[in-house]
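Every read-out reported here was derived from the displayed coordinates using simple, explicitly stated rules and does not represent laboratory data. These figures come from a predicted structure and were not determined experimentally. For neighbour counting, all protein chains shown are included, and Cβ atoms are generated from backbone atoms with ideal geometry for every residue, glycine included.
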Amino acid sequence: MFNQLQDRLSNVVKTLRGQGKISEKNVKDAIRDVRRALLEADVNLMVVRSFIDKVQKKAVGEKVLKSISPGQQFIKIIYDEMVSFLGSDDNEINYNNSGITVITMVGLQGVGKTTSCAKLASFLKNKKQKNPIMIAADIQRPAAIEQLETLGKNINIPVFSNKKTKDIKRIINEGIAKAKESNSDSIIIDTAGRLHIDDALMNELKEVVEISNSNEIFYVADGMTGQDAVNSSKLFSEKINISGIILTKMDGDSKGGAALSIKEVTGKPIKFIGTGEKISAFELFYPDRIVKRILGMGDVVGLVEKAEEVFDKELSEEFNQKLLKNKFTLKDFQNQLRQFKKMGSVSDIIGMMPGGNKLKGLSVDEKKLVWIDAIINSMTKEERLNPEIINGSRRQRIALGSGRNVQEVNQLLKQFDQMKNMIKKMNKKGINKFLLT
Ligand SMILES: Nc1nc2c(ncn2[C@@H]2O[C@H](COP(=O)(O)OP(=O)(O)OP(=O)(O)O)[C@@H](O)[C@H]2O)c(=O)[nH]1
Ligand SMILES: [Mg+2]
């Protein structure tokens with residue numbers, strides 16, 4: 001996500017950071033570079049103009065504060081403006097406090113509405129301790145109902161459908177009755193998509209929204225389609241009073257232009273982003289975190305959250321116990337590496353850390369994680385539990401089995417040994433003391 005833009009902007013930031021004094025020429029150059037970077041990332045032209053305008057005005061009018069350098073101050077202006085045009089932090093759902101919260105998903109064909117229904121339902125259930133139900137109200141495509149039912153089964157969330165009727169009013173009313181009967185506190189309605197915005201679709205959607213008394217109407221847009229997503233969201237929002245946007249497929253090679261333009265163009269905030277086909281690939285959208293990431297300022301909060309989510313709690317607990325007792329083995333080491341890989345691409349994770357940009361492509365070698373895994377796989381169970389027994393001939397056998405050379409096997413064993421020593425020290429001193437020395 002945003003790789004190219006991130007590279008370009010963090011270069012601008014880097015140049016400015018290094019400046020003790022900042023001249024008018026520096027600012028001019030920086031503004032020109034920022035403009036170019038945004039245009040290359042496919043950000044809407046009008047949005048780029050208004051952004052640059054605001055930055056320029058602020059940069060010229062601002063008194064330079066004593067405590068920070070002018071370069072830092074300029075970066076702060078870019079940061080503030082970017083956050084403000086990405087939206088406020090109001091990414092929470094507008095819950096209905098006196099009854100069932102109803103959320104309707106709308107959007108064009110194939111953008112990810114049905115998938116997002118399931119992702120959002122799972123978010124409500126697991127993160128917000130809600131008891132959601134989904135209503136299959138896509139009556140255009142017969143397979144759509146089954147698709148939602150299958151997703152519901154996978155995440156253990158009920159789906160209401162009535163395949164016998166094409167009467168959308170009836171389906172919604174029956175679905176709401178079902179929700180009440182089963183004590184659900186939230187309803188997510190999946191609707192039909194069309195290739196183009198047409199009156200028939202709009203009328204059907206208006207009806208759904210009205211009958212269901214929706215608290216939220218989320219427009220689902222495909223982030224990969226760039227400015228097309230922005231244009232259609234504008235047309236849509238003129239016809240239906242959408243309350244927020246879900247931007248999907250942000251895992252693809254989207255340059256980020258849609259994300260950076262859509263709020264400014266429609267006036268509606270991005271609430272969530274979809275980052276993959278899996279149900280868990282769904283995140284609340286935090287403008288400030290995204291901007292920190294784009295400008296290379298790091299996003300420690302996001303990193304910690306992501307790590308917490310994916311790490312298998314039980315495995316980690318077991319690992320911690322083993323660490324404390326100094327009993328962890330190569331097998332545990334391998335498990336930890338696999339957990340680490342589940343968090344996404346290593347360079348993505350490093351990119352989220354402060355200063356991580358500098359490390360990009362430097363110290364992370366994802367291939368290395370793969371071969372470490374292969375080497376450990378080639379060991380016998382006994383070897384994994386007692387690496388001391390791995391002598392010369394065993395090393396050769398392991399190297400052959402994993403398709404690596406003996407030096408690499410040696411290197412891994414040495415690193416593992418060093419890690420064990422480090423942990424031993426850590427246990428003796430206590431973790432806090434260890435980190436401070
Ligand atoms: N990579 C990726 N794929 C996604 C994401 N969200 C949805 N998809 C995929 O996009 C395709 C279409 O998703 P659906 O949820 O069926 O889209 P829809 O809007 O309901 O489609 P219609 O009901 O036909 O209008 C599926 O193959 C999904 O797996 C995402 O965030 N990332
Ligand atoms: Mg669908």
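Once you have the Cα-Cα distance between ASP29 and ALA143, take 0.36 nm times their residue separation minus that, and quote the gain in nm to one decimal.
Between ASP29 and ALA143, full extension yields 35.6 nm more.
Could you work out how much longer the chain between ASN97 and ARG338 gets when fully extended? Use 0.36 nm per residue separation minus the Cα distance between them, nm to one decimal.
82.6 nm
Give me the distance between the Cα centres of the range 104-135 and the range 210-286, rounded to whole Å.
13
Give the shape of the range 79-133 as rounded, prolate or oblate, defined through the alpha-carbon gyration tensor: a ≥ b ≥ c are the square roots of its eigenvalues, a/c under 1.5 means rounded, and otherwise the shape is prolate if a/b is larger than b/c and oblate if not.
Oblate, since a/c reaches 1.5 and b/c is not below a/b.
Can you compute 3J(HN,Hα) from phi for each residue in the range 197-204, using the Karplus curve 6.51 cos²θ - 1.76 cosθ + 1.60 with θ = phi - 60°, rounded to whole Hz and x for Gly and Pro?
My calculation for the range 197-204 gives 6, 10, 4, 4, 5, 4, 5, 4 Hz in order.
Total Lys pairs in the range 208-289 closer than 18 Å by alpha-carbon, pairs eight or more apart in sequence or interchain only?
Within the range 208-289, the lysine pair count is 10.
So, in nm, how far is label LYS327 from label GLN227 when the simple model puts each one 7 Å beyond its Cα toward the Cβ?
6.3
Apply the Karplus curve 6.51 cos²θ - 1.76 cosθ + 1.60, θ = phi - 60°, to the phi angles in the range 380-396 and return the couplings in whole Hz, x for Gly and Pro.
7, 4, 4, 5, 5, 7, 10, x, 4, 6, 6, 8, x, 6, 5, 4, 5
Of all GluC sites (Glu not before Pro) in the range 210-278, which ones are in loop regions per DSSP and have a Cβ with at most 12 other Cβ atoms within 10 Å?
GLU277
Under a point spin-label approximation (7 Å from Cα along Cα-to-Cβ), what is the GLU318-ASP7 distance to one decimal in nm?
Between GLU318 and ASP7, the simple spin-label model gives 4.1 nm.
Work out, in µm²/s and without decimals, the Stokes-Einstein translational diffusion coefficient of the range 241-293 at 4 °C, 1.567 mPa s, Rh from Kirkwood over C-alpha pairs.
Value of D from the Cα-based Kirkwood radius: 112 µm²/s.
Expected output is a single nm value to one decimal: the length gained when fully extending between ARG394 and ASP80, i.e. 0.36 nm times separation in residues minus the C-alpha distance. What is it?
Full extension from ARG394 to ASP80 adds 107.2 nm.
Each residue of the range 122-133 in order: what ³J(HN,Hα) in whole Hz does its phi give by Karplus 6.51 cos²θ - 1.76 cosθ + 1.60, θ = phi - 60°, with x for Gly and Pro?
5, 4, 5, 5, 8, 9, 10, 6, 9, 10, x, 9
Using modelled backbone amide H atoms (1.01 Å from N, in-plane), which distant-in-sequence or interchain residues come within less than 5 Å of ASP251's amide H?
It is GLY276, by chain and number.
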